[in-house]
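Shown next, in structure tokens, is the structure this report addresses.
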Amino acid sequence: MTTSVPGTTSTFRSDTHAVAIGRAVKAATAHAGRTQAELSTEADIGLNSLSRRLNGHVPFTFPELVRVCHVLGIPLADLTERAERIAASLSA
């Protein structure tokens, strides 16, 4: 997936898995009734950094995913299974 960067002439290729995990985290955040600002604060990820990760521009690190799952009260395995389904649908 190629995306243009607003305000520039550059483009980059988003990693399908980074996009998928970002979408899975967005869905889990909404399902938990939390806001991105709350997740950012409680998972100790800056709001701009979280936004870039949720949109697939930058991949989450493993420690970040562990903290996100802890904040949202979900097992990491559930989040990765959801992300795998999303990645499969993006590749189809």
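The values are calculated or read from the model by the stated rules, or taken from the named source; none is laboratory data. This one's a predicted model, so the numbers in the text were calculated from it and none came from an experiment. Please note: Cβ atoms are built from the backbone with ideal geometry, for glycine as well, and neighbour counts cover all protein chains shown.
Some observations on this one:
- Residue list for the range 19-33, filter: without any contact (Cβ under 8 Å) to a residue 60 or more places away in the chain, over 15 Å from E64 (Cβ atoms) and under 12 Å from the mean Cα position of the chain (by Cα): A27
- Looking across the range 32-56, the residues that are assigned to a helix (DSSP H, G or I) and either loosely packed, with under 11 Cβ neighbours inside 10 Å or hydrophobic (A, V, I, L, M, F, W, C) (or both) come down to A37, L39, L47, N48, L50, L54.
- Tabulated pairs, the range 34-60, first at positive phi, second small (G, A, S), C-beta under 8 angstrom, 6+ apart or interchain: G56/S14; G56/A18; G56/A20; G56/G22
- When the residues of the range 4-63 are filtered to those that are modelled with pLDDT of 95 or more and of a type in the set (D, E, K, R), the one that is nearest to S91 (Cα to Cα) is R23.
- Applying the criterion of being under 17 Å from A18 (Cβ atoms) and of a type in the set (V, I, T) to the residues of the range 35-65, the residue that is nearest to the chain's Cα centre (by Cα) is V58.
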